[in-house]
Each structure stands twice: as C-alpha cells, then as structure tokens.
1. Residues A:299, A:325, A:371, A:318: which one is touching a helix residue (DSSP H, G or I) at 6+ places or on another chain (Cβ under 6 Å), farther than 22 Å from residue A:244 by Cβ and surrounded by fewer than 24 Cβ atoms within 10 Å (Cβ to Cβ)?
2. Out of the residues in the range B:291-321 that are within 13 Å of chain A (Cβ to nearest Cβ) and surrounded by fewer than 24 Cβ atoms within 10 Å (Cβ to Cβ), state the one that is modelled with the highest pLDDT.
3. Going by the structure shown, is residue A:204 in a helix (DSSP H, G or I), surrounded by fewer than 24 Cβ atoms within 10 Å (Cβ to Cβ) and either in contact with a strand residue (DSSP E or B) (Cβ under 9 Å, 6 or more places away or on another chain) or more than 9 Å from chain B (Cβ to nearest Cβ) (or both)?
4. Can you pull out the helices (runs of 4 or more DSSP H) entirely within the range B:148-250 that have at least 1 residues that are under 23 Å from residue B:89 (Cα atoms)?
5. Would a scan of the range A:469-480 turn up a residue that is free of Cβ contacts under 8 Å to residues at least 60 places away in the same chain and part of a helix (DSSP H, G or I)?
6. Can you pull out every residue in the range A:23-62 that is within 14 Å of chain B (Cβ to nearest Cβ) and buried (at least 17 other Cβ atoms within 10 Å of the Cβ)?
7. Do we find a residue being in contact with a strand residue (DSSP E or B) (Cβ under 8 Å, 6 or more places away or on another chain) and either under 21 Å from residue A:119 (Cβ atoms) or crowded, with 16+ Cβ neighbours inside 10 Å (or both) anywhere in the range A:86-99?
8. What is the residue count in the range A:114-138 for residues that are more than 15 Å from the chain's Cα centre (by Cα), at the interface with chain B (Cβ under 10 Å from one of its Cβ atoms) and closer than 15 Å to residue B:390 by Cβ?
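The values are calculated or read from the model by the stated rules, or taken from the named source; none is laboratory data. All of these numbers come straight from a predicted model, not from anything done at the bench. Neighbour counts run over all protein chains shown; Cβ positions are idealised from the backbone, glycine included.
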C-alpha cells in the first residue's frame, strides 16, 4: 500500500465513527466493550503509522482535500504537523485506556456509553486534523454533544447542572467565532488555514478575530477567569469523561491558540500577549491555591488542571521556541499525568464511593501497588526531573524567563505550590494510620487497572528521559510558526 | 383580442393538489362513514397519494421557466423549491394526522380536503407574481388554516385559537390589501414585473411596501405581529401546527422576496434596515419567551417565532445567496421542526373533548421508555439550536454567511448569540429525556403508530443527513 496517497488521516478520523456504528451489531455488553477496545486500539495503531515516515520540516503532512460545499467554499481538508501530531497520538492513546478503565464500572446503557466515547474521540481528532475553518468549527462544536451526554447521564451528584453549564458556557464562547470565520472568508475568499495565514489580514479584523477566537479557546483551556465551568464538569463527570476532558478537550483550547490565534492574527497577538501571560500566571497561582484547600481529591485534581494549563499558556505567551515547544509538550504531559491522576482517583472512588481526603489515610499498607503508582503519577505531575512534567515545565520556564524573568519567577512559585498540594493529597490518601475501618479491606489494583496505567507510566519515563524524541518533531513546526509570526511580534 | 395563453403544464402540481382535495370530498360520499374499517383512512391515503404525485411532478418537471395565466403565475426555480418544501412538510404533517385525527374526530374528508386546500394556497402563493393572485392565494391558505386550527371542536383552546387567528388574520389581510392598493396607486399595475418596471418612487411605494411587510410579517409570525402564533400553534391539532409552522412560513417568505424585489425603487437600505430590526426583535423575543414556557408545544411555538427571525436574515441580505440560504434553511427546518412536533404529538393524550397538552416534562425519562424516540428528539432539539453537524447548523451557516457577505455582520452576531440563548431551552428537553427521573405519566403505555413512526424516522434522517449531503448540490436555486 502506498502510504503517500493512502488517506491515513481519514482512516484515523473515521475509524472510531465506524466502530461506534458497529456497536449496534451486538447485544451483549461484553461484545460491545470488546468492540470498543479493538476499535480504539486499531485507531491508536493507525495513528502510530504517522511516525515512521515523518519528515521533520514543520510543514503540514498527509494532507487530504476534498471539495464539499458549493456556494460557500468550505472543504474537507485535513493535515497534521508537529504541533498537532502529538495531540493526535495523545487522543488515540487515551481512547483504549478509558475504554479499558470503564470496562466494569459502566453497567448502565453500556452501548450508549461506548458509542459516545467513540464519537467523542472522532470529534476531538477532527479538531486537531482540520485545516478548513468551517470543518474545524463543525468538529469543535460537535465535541460538546458526546461530552454533554457523558457527564449528564453517567456523572455523579450535580451532573445535570454540570453538563448544562459545560455545554452552554463553551457554546456561548465559540458562537462569535463563526461570524469571524465568515468575515475572514469574505475578505480573503478562503476558509483554508494555509491560505489565510498568508493573507495578511487588516488590523481591525485581526483585533476582533483574535478576541473572539481567544474567547472560545480561553474558555476551553480554561484560562482564569473563564474557568468556572471546569470544576463542575470535571468533578461530576464519570472518570472516563474527566480523563478525556482533562486529557484532550482542554488541549483543544491550547491548540486553538497555537494553530489559529497566533498565525492568523499576529498583530493582534502582539497586543494581547502580555494579557495572556498575566491571566496565565493568575491561573497558575489561583488554581494552585484553590487546589490546596480542596477536601475532595477529584476537585483537587480539577483545580490542579487550571494551574497546569496556566503553565501551558505561559509557554504560549512567551512566543519563543522554548515556550511554544514546551507548551505543546506540556499539553501532552498534562494529558498523560492528569489523565492518570483522574484514573487513580476513579479507582479509589470505585472501591469506596467517596473521594473525600478525610475518609482516607494509610492506604500505603493496604494497597501497595496503588500507592507506588500514585507516587509516580504525582511525581510526574509535580515535575520531578527524569519524568515528563519536568521537561515540559522547565522548557516553558526557560522560554518565559527569556521574555520576562518575573513571569518565570511567578511560574516557579506555581511549581512549588504544585508540589505542596499534590503531596498533601499523597499524605491524605497514603500516609498516616489506616484507622478508617472502611479502608481496612480495600483490594489492591487488579491486572486490568495496572494495565490501564502502565502505558501512561511508561510514557512518563520515555518523555522524561528522551525528550528529544518528541521535541524533534515539535520544534520544526514551532520554528515555522515563529518565522511567520515572530517578526510581527518582535521576538 | 387574442385568447390568453393557458399553459397548464406549469401549474400541474397545484392542479393535482386541488383535484385531490375535491376527490377527497367526493370519496366521503362514495364511502359513507359507516363503511368498513379498512376504508376509514381512504381520504388520508388519497391525500397522501396526491401530495406525492404533486411532488413527483415538481421533481420531474425539470427546469421550469415561464409565466402563465396572463402573467399571474410564474414557474421558476424559486417556486420549484418552494413546492418541494411545502409538499414535504405537508406529507410529513399528513403522516402525523393519520393516527392523530381519529382520537377526536370522525370527520376525515373535511379535514384532509381543507388540508390540501391550504397546501394548494401555499403552492399558488409561491408562484404568484401579481398582487391580486397573491392576495387570493394567501386567503385560500389562510381560511383553510383558520378552520383547521379550530378543528378539534371538543376543545375550547382550539376554538379560542382559531378565533384569534381568524380575527387577527383578517386584520392583517386588510393591511396587505391596502398595501396592494397603494402599489397600484403608485404604478397603475398589479403585476410585480410591471411595478418593478415603472420604478416609481415616492410615498405610495414606501407605504405600500411597509403595509406588505406588516401583512406578510403577520403570516410569518414576525414580532411584533406574532401575538396570534403561540395560541394558534398551541390550540391547533399538533399535526396542523407542524405543517403550518413550516408551510406558511415558506410560502410567505417567497411572496415577501418577490414583493421586495418588485419594489426595487424603494431604497434597499430602508426596507432592509426595517427587516433587520424586525428579524432581531423576532428572534430575541421568540427565544426569551420560549425560555419561560411550561408547555412543550407552546415552547416550540415560540421557538418557531425565533426561527422566523433567523429566516428573515436571509431576506435582509437581499442577495441570491441570501435566498438560497432561506430555502436551504426551510428544508432543514421542515425536518427538525416537524420532527419535534411529531414527538410532541406522540406525548400528548388527545381525547374527544380535550387534548391533554404535553408539558415541558412530558418527555422526562423518555430515553428509558423509547430510546430511539428520545435520540430523535435530541437530534431535533440540537439541530434547532444549530449544533453541527445537524441540518440546522448548516442552515444557519448559510443564512449568516449571506448576512455577513452583504454587510450585515451585526445581524449575524445577533443570530449566533440568539442560538446560544435558544440552546438553553432546547437542552431542557434533552435533560428531561436523558437525565431526569421519569415523569408521573411515564408508566403509561406510549403507543407508537406506524405512520407517526415513519414521520419521525424520515425527519430524523433528514435532520442528520440533509446538512451533510445536500450541501454540495444546493446552490444557485434562486438565480
């Protein structure tokens, strides 16, 4: 098979959809789970095929263009570069992991659940792969639907409130983006990202374009003060939903900034960058301090996401090679480590049906495997050298320092706070006496649960020890972006 | 004096519908009511066959062109697509009536005959290019709909709705007729082409156009002329509501388009600005009012008002692209809105004396009882809210694109923000179906008649696929 003409991206994109439809061939829950697992594994394998023939030149690879609409010239146009590559792989990797995690703890409406997981995956992949603005917008909005149902139907407690807030908040944020996309089209005659970034838009349009796009993306990230939907959605969502939310959905916001805001609206970017940096730093500190006082460990992880994404956005705001590369890698890192944290919180929740730190303590003795893995995941999240988080945070801080040492100093404060609140979680869960009788008979992780976590832990080490494997492909794309945008901003 | 040309081939679909209406009445004489059960639905079968035949004739006619009946009617691309959308809506509404009507009425043929007359009125309205013909067509469809609105005689709300609709409708007809008179006064012509050719300016044209906007705005349920709509939509038998919410809008929009084109001498800025504000007012008011409704049907009625506002955006744009978008949206709207009313009708408990209206919570727990029905309804709701990749999104995309292209970006902004507001009340239904505890009546059996199921299946398929598949070939229809 000739891989240069084979529509590999379409395969990656549509395989989950076909799999979702295939679920209707089966009646029993087991076959449905197996189908979902097989499909997500195949999708991951397909996305791995992107790597061997990758030429690290920063351009768009594996492009596919199909004419679609008439009247308005939007097209089915896919492509992947060093910025989106790892996000695509992150998405397809988390697919089988959440399917495997949900193997036993989803018992109601099994088919609907896995159907939604699969189409959610397709939607997110579409966001990362689209090079046509309308196609992008379609996938962007579409991702709301499955997540809305995942939270609303399988969530806990205030799930309806959380689901509705998530849907309306993010929809409101991106509504205006559509009008700007249309304005761009009628000014340049194209919805094509490759054409638009060369178009040299006028200043006013750039200004409004940046504002509306950034609003949509900032809500998704979420940047302070647009974060209020996140704690609700993350905490009430079922574990699989939280993993996908934190792991991939939030990255769509970061990706949006990198893919659209910076290259399409460079002049406006120059104006707004300090604001982004400021909000990012506020997000780091606010997220960390709020995480410190959480009694519910899932809320703690949710607020830690705000802080971590603040880091990523600080990297974006640095607008230099280190900052941007670090932002891309740290997006992936956060997907892996926070995904793992949510999984581990879910595992404990499945056993005890509570997530309050006060209920736990001393698990180290009762669940040694769990505890050891939890320590590794926390260390990855905190940024211990040798693990993935360190590489990402260090690169971002380096980038920030080169622009403004104060940014880096405040960011470092966030690293310290992260160690504080995450170790507080470790203390609450693992250390101390095992004095709650309800915890004295907890079973340690079974093979399936270890299998769920194993690939993530392996990747912590892989990224931590061999970051060049990943930066190799990210950096050329970042350089290309900076070559276009850097001069406008003066970096 | 030579004999006028009468090219009946150009109005064949309309004639088929009219003749079917007469046949349906005669059928009742041939098969008296006491006849065997099998023949009970004979009028419905006949009516459906007529609608399908008319639709096929429209499809097979190829590219229509030319005027007939002394320049009173025109068969053009616009009329062709209007035919298709009205016949589609009519056929879907008829499928709903099939199982709905027997709940409260033994009179089949009257109902279907009136229904077909309303259809014929809409089809003729879409082809009218002369003021008197336009008025007569509008009256044919209106009078049939007044009667149909009050067709459930046992129900007080239906009577009230019909009376309100009739009185306000008659009033608005007056406006429209006055507008026609002023056009005539200004130009001495009743044919739209002649009026346009005169290029007369001045107060009479302006006032005439304003009165036309009021008259047609009433039929479209455009705020502030929408007062009748919530009551009429709620009081009318649900299949009638489903049909008229789409069909009347479609026909009146085509008429509006033709009239504003003819009144070319009135500066575009004047009427377009007026329409833009009406559009803004209509969508905002419709959506805000829909937020507060406790009846599913009434909520859908207000949603329907909001959608009239979106549709006007395409007319405001004033371009061919704008009206393409209107027609595209009408198709999408026919699927999603009739689908939503179809499910509302299945949740109702119609009785001989009164319909127990479907409250906003009637659908609660529907996913547990009838999962596919709930999935279909969720699709209709999300599509009405304009979420991709459903038909409603593509409809809005084209409408707002046309507005942006013509420099009405602020109206597009108003449109997308309104879509966000509307998402709240549409989601409320979805929350009920999928996430809430079942309603008190959930233990009751939910019958699913075959005809209504077919209607739901067709509308659901249309809502899912129309936007994705029709996008490539749907262009240049009104050029």
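1. Working: A:299 fails: farther than 22 Å from residue A:244 by Cβ; A:325 fails: surrounded by fewer than 24 Cβ atoms within 10 Å (Cβ to Cβ); A:318 fails: surrounded by fewer than 24 Cβ atoms within 10 Å (Cβ to Cβ).
Within the list A:299, A:325, A:371, A:318, the selection yields A:371.
2. First, the residues of the range B:291-321 that are within 13 Å of chain A (Cβ to nearest Cβ): B:291, B:313-314, B:317, B:319-321.
Okay, now just the ones that are also surrounded by fewer than 24 Cβ atoms within 10 Å (Cβ to Cβ), so B:291, B:319-321.
On the way: B:291: 92, B:319: 85, B:320: 85, B:321: 87.
For the range B:291-321, the residue satisfying everything is B:291.
3. On the way: in a helix (DSSP H, G or I): yes; surrounded by fewer than 24 Cβ atoms within 10 Å (Cβ to Cβ): yes; either in contact with a strand residue (DSSP E or B) (Cβ under 9 Å, 6 or more places away or on another chain) or more than 9 Å from chain B (Cβ to nearest Cβ) (or both): yes.
Yes, satisfied.
4. On the way: elements: B:156-187, B:192-198, B:202-220, B:228-235.
Those helices (runs of 4 or more DSSP H) span B:156-187, B:202-220, B:228-235.
5. Scanning the range A:469-480, I find at least one residue that is free of Cβ contacts under 8 Å to residues at least 60 places away in the same chain and part of a helix (DSSP H, G or I), so the answer is yes.
6. The answer is A:23, and nothing else.
7. Taking every residue of the range A:86-99 in turn, at least one turns out to be in contact with a strand residue (DSSP E or B) (Cβ under 8 Å, 6 or more places away or on another chain) and either under 21 Å from residue A:119 (Cβ atoms) or crowded, with 16+ Cβ neighbours inside 10 Å (or both).
8. Number of matching residues: 3.
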